[in-house]
Amino acid sequence: MNSTLSSKAWLFLVIGILLISGCQGFGKQQQPQQTNAFVGGMKGMDVAFAEGQPPASVLDKGQEEFTLTLLMRNLGEYTIPVGGVIGSLSGVVQNSFSLKSLDVKSTVEVFGVTKDGTTVIPGGEEMLEFGTAQFKPDLPADTKFTFKADVCYTYQTQSVSTVCLKKNVLRKEVGEVCQINNPTLGQENSGAPMHVEQMKESSVGNNKVRLNFKVVNKGIGQVYEPGTFTTKCTGMESEKNRVKITVGSSDSTFTSSCTQLGGGNSGVVTLVNNQKDITCTIDTTNLQDITFQDLVLVKLDYQYREAVTTPLVVTNAA
């Protein structure tokens with residue numbers, strides 16, 4: 001069973017949390033309970049060269065065979081599909097090390113972190129294998145090399161905020177359950193390097209609500225539009241800082257029109273200084289007259305790129 005919540009499953013989870021937190025015991029006031037929809041965090045995939053792969057040193061003239069392997073740990077909440085991780089080696093001459101290829105793709109899913117009640121279940125750990133290698137040339141002296149592995153992986157962030165809505169947003173009534181003009185709406189993000197922050201809500205006319213939020217790169221890597229890398233994780237520098245954004249609602253209660261998304265609710269934007277301001281408008285003309293709370297669901301889709309290095313000393317064999 002896939003450990004990542006489907007869109008409907010995580011939506012029902014958040015709705016359930018909202019309902020539970022709003023309930024009161026019969027005849028007695030209950031204190032609200034703080035329950036998070038996600039595990040959270042600012043990490044996606046953690047990648048490192050596996051211990052001893054490569055070893056600290058090997059002999060030259062093809063006398064010693066060794067393996068090159070990356071260890072992948074999914075620290076976020078998105079399950080990376082088969083083929084969703086691409087690793088590319090650089091820093092060395094492929095033929096000198098007898099490597100069949102400098103590029104490799106994952107062959108299994110890498111499960112994300114999940115919650116079971118209050119228990120957090122860690123994400124998956126998998127290997128990305130480049131195969132065996134050996135250094136063929138005859139060196140005059142011991143020489144140090146550095147293997148660099150660029151890793152691009154498919155990832156997704158899901159963010160949830162609770163907004164206040166009704167047909168006529170300017171009409172005030174006694175005892176309303178929420179306020180439409182809210183400069184600190186707040187949001188929750190699933191564990192991932194890309195986050196939604198500073199969600200705000202304001203009225204702009206009788207039948208319009210404006211949402212403002214930021215999309216921010218919280219990790220140490222670079223973000224790219226989905227599908228930028230297909231066979232190798234190299235180049236494409238001009239395509240970095242791009243992410244796909246989709247703004248939705250629970251059960252399609254309302255639709256959003258976002259300026260930076262071409263007037264629609266989905267599109268690709270370019271980050272500036274690792275962030276992007278997004279402005280969306282909700283038309284409330286066809287909503288109910290009574291004030292109600294609903295969910296704004298923001299989904300970020302992207303490829304994330306990071307790099308790791310490791311040294312290798314090739315020893316001159318006498």
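Results, tabulated for the structure shown:
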quantity: Whole-angstrom gap from segment 98-152 to segment 233-262, using each part's C-alpha centre; calculated: 30 Å
quantity: Segment 58-100: GluC sites (Glu not before Pro) in DSSP coil with no more than 14 other Cβ atoms inside 10 Å; calculated: 65
quantity: Within the chain, percent of DSSP bridges classed antiparallel, to nearest 5; calculated: 95 percent
quantity: Heavy-atom surface of segment 44-101, accessible at 1.4 Å and reported per residue (Å²); calculated: 40 Å²
quantity: Positive minus negative residues near residue 281 (Lys, Arg vs Asp, Glu; Cβ under 10 Å); calculated: +1
quantity: Accessible area of the chain belonging to carbon and sulfur atoms, whole % at 1.4 Å probe; calculated: 50 percent
quantity: Using a Förster distance of 51 Å, the FRET efficiency for residue 116-residue 61 (Cβ separation, nearest 0.05); calculated: 0.40
quantity: Size of segment 34-129 as Cα extents on the principal axes (Å, biggest first); calculated: 63, 24, 19
quantity: Nearest 10 degrees, 0 to 90: helix 7-22 Cα axis against the chain principal axis; calculated: 50 degrees
quantity: Protection proxy ranking, peptides 97-109, 78-90, 190-202, average beta carbon neighbours within 10 Å, highest first; calculated: 190-202, 78-90, 97-109
quantity: Dipole of segment 198-300 [Lys/Arg +1, Asp/Glu -1 at C-beta], most positive-end residue of 224, 287, 260; calculated: 224
quantity: Protein-only accessible surface order, largest first, of 132, 184 at 1.4 Å; calculated: 184, 132
quantity: Derived scalar couplings ³J(HN,Hα) [segment 199-212; Karplus, 6.51 cos²θ - 1.76 cosθ + 1.60; whole Hz; x for Gly, Pro]; calculated: 5, 10, 10, 8, 8, 9, x, 4, 10, 9, 10, 10, 10, 10
quantity: Using θ = phi - 60° and Karplus 6.51 cos²θ - 1.76 cosθ + 1.60, couplings along segment 186-196 (whole Hz; Gly, Pro as x); calculated: x, 6, 10, 10, 5, x, 5, x, 9, 10, 9
quantity: Sequence of 299, 43 from largest to smallest accessible area, 1.4 Å probe; calculated: 43, 299
quantity: Residue-span extension gain [residue 198 to residue 288] - 0.36 nm each, minus C-alpha spacing; calculated: 29.7 nm
quantity: Under the Debye formula (equal points on every Cα, no solvent term), log10 I(q)/I(0) of the chain at q = 0.14, 0.16 Å⁻¹; calculated: -1.05, -1.26
quantity: Positive-pole candidate from 303, 274, 249, dipole of the chain, charges at beta carbon; calculated: 249
quantity: Modelled FRET efficiency - R0 22 Å, residue 182 with residue 252, Cβ distances, 0.05 increments; calculated: 0.45
quantity: Inter-label distance, nm, simple model (7 Å from Cα along the C-beta direction), residue 318/residue 96; calculated: 2.4 nm
quantity: Assigned charges on the beta-carbon of Lys, Arg, Asp, Glu; the chain dipole about Cα centre (debye); calculated: 920 debye
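The values are calculated or read from the model by the stated rules, or taken from the named source; none is laboratory data. Everything quoted here is computed from the prediction, not taken from an experiment. As a convention, Cβ positions derive from the backbone with ideal geometry for all residues, glycine included, and neighbour counts pool all protein chains shown. When the accessible area is computed, the model is the full protein with side chains, heavy atoms only, and any ligands, DNA or RNA have been set aside. Shrake-Rupley method; radii C 1.70, N 1.55, O 1.52, S 1.80 Å.
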